[in-house]
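Student: Pasting a structure here, questions to come.
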Amino acid sequence: MAGPRDRLPRLMVAIRSLLFWSLVYCYCGLCAAVHLLKLLWSIGKGPAQTFRRVAREHPPACLNDPSLGTHCYVRIKDSGLRFHYVAAGERGKRLMLLLHGFPEFWYSWRHQLREFKSEYRVVALDLRGYGETDAPIHQGSYKLDCLITDIKDILDSLGYSKCVLIGHDWGGMIAWLIAICYPEMVMKLIVINFPHPNVFTEYILRHPAQMFKSSYYYFFQIPRFPEFMFSINDFKALKHLFTSHSTGIGRRGCRLTTEDLEAYLYVFSQPGALSGPINHYRNIFSCLPLKHHMVTTPTLLLWGEKDAFMDVEMAEVTKIYVKNYFRLTILSEASHWLQQDQPDIVNKLIWTFLKEETRKKD
């Protein structure tokens, strides 16, 4: 029989787990209450405006701009899902794979598709559930293991064994995980405005300010309601994310054009288009922290200092998890949407990192 000393560690683990999940569910309830009050306030001000939605049947011309590349599709054998991507640059060149964040899609990499196609086969993917990529109905289909396998299978389907991997926001989370689980697939890793996953989970529990900034992670655990709140007032919340003074693109950089914004509205206003992206977040608390967490790939981390969703201190801590060459560049006055906000600077930093020889840490 197990003695008291043997039972104590298991008891402590159970208590920590109970406290963690209690915190998660309590904060989910608080976030739901706040958004419900916002909904009631909006209905009180103008019910017709609250439930107004513009029909968007045709994509804006920018989504078919030939300078961005060619629209392609690939069906993965194991999952059976069809993935959409836009590819620029000649076949046979080294692969650069671009993974977008939320609420984005392949178009968030338009500046990089044009820039790097001279030397790379640049592929900007619509992640599982986004845009023209298939969106499984079940929430369990969006576990991190599934998302990691997607990238591995896509590389195989494209005829590549390795790539330069670049991820932003949630795509950055996936990029970190690919580098951890399949280091042989990643020649160089570039992450934009997302820390190492273990840094994120440890930091958020110790810093209430970051928990507040990440409140959408908790709000998204609620079924259906987040999708509805994003759609009211003709997707006002989506417009606010990209254009407001506090969270938007372009304080001192590039601003979204009217057509750029319409591209986002077109994609996410399609029937059911929000459920897949939000389902990505509905499995995260059961998948983190990671059991294996060290990164052995040369890594560049780029960070917009004015990120409204991520504390910059997490970027500094991330280096302890990279057992290879690591470079961190923080851009002052840049937002969370860094590759769209400061594309010229970001592209220059990426070129420098790609062309320099990197040595593994001793």
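The values are calculated or read from the model by the stated rules, or taken from the named source; none is laboratory data. Predicted, not measured: the structure shown is a model, and the values here were computed from it. When we count neighbours, we look across all protein chains shown, and the Cβ atoms used for this are built from the backbone with ideal geometry, even at glycine. Calculation scope for accessible area: heavy atoms of the full protein, side chains included, ligands and nucleic acids excluded. Shrake-Rupley method; radii C 1.70, N 1.55, O 1.52, S 1.80 Å.
Student: Would you point out which residue out of Gly171, Gly131 is among the small types (Gly, Ala, Ser), buried (at least 21 other Cβ atoms within 10 Å of the Cβ) and on the phi > 0 side of the Ramachandran plot?
Tutor: On inspection, the qualifying residue turns out to be Gly131.
Student: Give me the residue from region 189-236 that is assigned to a helix (DSSP H, G or I) and of a type in the set (Lys, Arg) and, out of that set, least open to solvent (accessible area, probe 1.4 Å).
Tutor: Within region 189-236, the match that is least open to solvent (accessible area, probe 1.4 Å) is Lys213.
One line per residue, one yes/no per condition, for (1) under 18 Å from Phe200 (Cα atoms); (2) outside any loop (DSSP other than H, G, I, E, B); (3) modelled with pLDDT of 95 or more; (4) under 19 Å from the mean Cα position of the chain (by Cα):
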residue: Ala334; (1), (2), (3), (4): no, no, no, yes
residue: Gln340; (1), (2), (3), (4): no, yes, yes, yes
residue: Lys348; (1), (2), (3), (4): no, yes, yes, no
residue: Leu354; (1), (2), (3), (4): no, yes, yes, no
residue: Thr358; (1), (2), (3), (4): no, no, no, no
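Student: Could you say which residue among Thr296, Thr243, Thr258 is in contact (Cβ under 8 Å) with a residue 40 or more places away in the chain and surrounded by fewer than 18 Cβ atoms within 10 Å (Cβ to Cβ)?
Tutor: Sole residue among the options that is in contact (Cβ under 8 Å) with a residue 40 or more places away in the chain and surrounded by fewer than 18 Cβ atoms within 10 Å (Cβ to Cβ): Thr296.
Student: Inspect region 286-296 for any residue being at pLDDT 95 or above and over 16 Å from the mean Cα position of the chain (by Cα) and give the result as yes or no.
Tutor: For region 286-296, residues at pLDDT 95 or above and over 16 Å from the mean Cα position of the chain (by Cα): present.
Student: Which condition from (1) of a type in the set (D, E, K, R); (2) part of a helix (DSSP H, G or I); (3) modelled with pLDDT of 95 or more is the one that Arg327 breaks?
Tutor: Of (1) of a type in the set (D, E, K, R); (2) part of a helix (DSSP H, G or I); (3) modelled with pLDDT of 95 or more, only one is false for Arg327: (2).
Student: Any residue that is part of a strand (DSSP E or B), open to solvent by 50 Å² or more (accessible area, probe 1.4 Å) and touching a strand residue (DSSP E or B) at 6+ places or on another chain (Cβ under 7 Å) - is there at least one of those in region 79-102?
Tutor: Yes.
Student: I'd like to verify a number: residues in region 111-128 that are surrounded by fewer than 23 Cβ atoms within 10 Å (Cβ to Cβ) and either over 24 Å from Ser161 (Cα atoms) or among the β-branched types (Val, Ile, Thr) (or both), how many?
Tutor: 1
Student: Just for region 25-36: of the residues that are among the aliphatic types (A, V, I, L, M) and over 14 Å from Phe228 (Cα atoms), which one is most open to solvent (accessible area, probe 1.4 Å)?
Tutor: Looking at the filtered set, the residue picked out is Leu30.
Student: Also, quick follow-up: List every residue pair whose Cβ atoms sit under 7 Å apart, with the two residues 6 or more apart in sequence or on different chains, where the first one lies in region 185-205 and is more than 24 Å from Lys162 (Cβ to Cβ) and free of Cβ contacts under 8 Å to residues at least 24 places away in the same chain and the second, anywhere, is in a loop (DSSP other than H, G, I, E, B) and polar (S, T, N, Q).
Tutor: Ile204/Ser214
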